[in-house]
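Below is one structure, written out as structure tokens; comments come after it.
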Amino acid sequence: MIRSTSLDTPYQTPFTNGSHSGIADIPIEKGGAGPGLGPHELLEAALATCVAITVRLSAAKHGFPLESVACEVRLDRSNPDAVALNYDLTLNGPLSDEQITHLRRAASRCPVTKTLTGGLTVRATGSEATG
């Protein structure tokens, strides 16, 4: 679970899971102050980190000589009816073609991809107002 609470500084919003925390903000050109990632960047980060972790886990499990992995994610909203998250994956190390194919397949099945493509529903489960 992630909890976020607004600050007095407009749009800056810290978030935490209870053990780790970060800060989100909107871009400077939209009135933000710029100290944190934007909400869409956090979505991109969720996918990029999940892909990279999944690839490393798979390589370790199978004993593949993966030295490093990099994943770059871009949210493409150019077609409002077909918003997409596109990623580029770079695998470094003396990997065979078969190992590369295996790791790319593993990347495409990361848990965040499964969550985002599995009929995701977003709903408010409660709200309260204080005054």
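The values are calculated or read from the model by the stated rules, or taken from the named source; none is laboratory data. Because the structure is predicted, anything quoted here is derived from the model rather than measured. No Cβ is skipped: glycine too gets one built from the backbone with ideal geometry, and neighbour counts run over all protein chains shown. Areas reflect the complete protein model, heavy atoms only, side chains present, ligands, DNA and RNA absent. Shrake-Rupley method; radii C 1.70, N 1.55, O 1.52, S 1.80 Å.
A few remarks follow.
- All positions within region 5-44 that are assigned to a loop (DSSP other than H, G, I, E, B), free of Cβ contacts under 8 Å to residues at least 24 places away in the same chain and either under 24 Å from Asp88 (Cβ atoms) or open to solvent by less than 60 Å² (accessible area, probe 1.4 Å) (or both): Asp25, Ile26, Pro27, Gly31, Gly32, Gly34, Gly38
- Candidates Thr113, Thr54, Thr49, Thr101, filtered to the one that is among the hydroxyl-bearing types (Ser, Thr, Tyr), touching a Cys at 6+ places or on another chain (Cβ under 6 Å) and not in a loop (DSSP other than H, G, I, E, B): Thr54
- Test: Glu67 is open to solvent by 60 Å² or more (accessible area, probe 1.4 Å) and modelled with pLDDT under 95: no
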